[in-house]
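Only one structure is covered here, and it is reproduced in the block below.
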Amino acid sequence: MNRSTNTIRGNVEAVEKLDAFLAANGMPRAVANIRREHIEAFVEDQLARLRPASAANRYRSVQQFFRWLVEEGEIKESPMAKMHPPTIPETPPPVLRGDEIDALRKATTGTSFDDRRDRAIIEMLYATGMRRAELVGLKVDDIDTHASAKLPWLWLGNGRAATNSWHGRRAIQAQRRRRSLPWVRRPRAAEYRREHGVWPWDDLGRRQLV
């Protein structure tokens, strides 16, 4: 079974934390003697110390450990067989306020290539909620500006489509302005394409343009 180094390290750390907890509280440490109530006490301790998501990760790591013990014949049944992981409450991520969005737009009101590129990036992120990796891989052909005169669509790699809202239209307009720059029609653009294999306006994510 392939596991990343970080996953293996996290699993080992969780089991070590469990062992240390059992030892500190006078509970059995031999795997055959560990019961559900011991694991529940450990989970409660982790919830008091860590964020719910981190405690849930510790829970899953310990759960995998006991499953492995069952598979190896070290124990007959996992003490976590009928347990449920800690509940992770939904925490909405922080979002930019309207004045902060306006400040970002104001900072990219110039007519240089960098200004128009940055404005296109900001508008695309704000309009679609796309991930950074999706933005980096975005190509002009991914934007269907002809689907409707007023409702352009952006198709993302995983099949999701950007909302065709007023903000979406602003993002499309920013892309059009960026592509219309005289800079990209000069011989320098051809040199860029020979060196990197793509036109500069089709390459939002390369280090040279960021």
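The values are calculated or read from the model by the stated rules, or taken from the named source; none is laboratory data. Computed from a predicted structure; not experimentally measured. All Cβ positions, even for glycine, are placed from backbone atoms using ideal geometry, and neighbour counts span all protein chains on display.
Descriptive notes on the structure:
- Just so you know, in region 83-132 the residues that are surrounded by 10 or more Cβ atoms within 10 Å (Cβ to Cβ), at pLDDT 85 or above and of a type in the set (Ser, Thr, Tyr) include one that is nearest to the chain's Cα centre (by Cα), and it is THR108.
- Lone qualifier among ALA14, ALA53, ALA41 - being of a type outside the set (D, E, K, R) and at pLDDT below 95: ALA53
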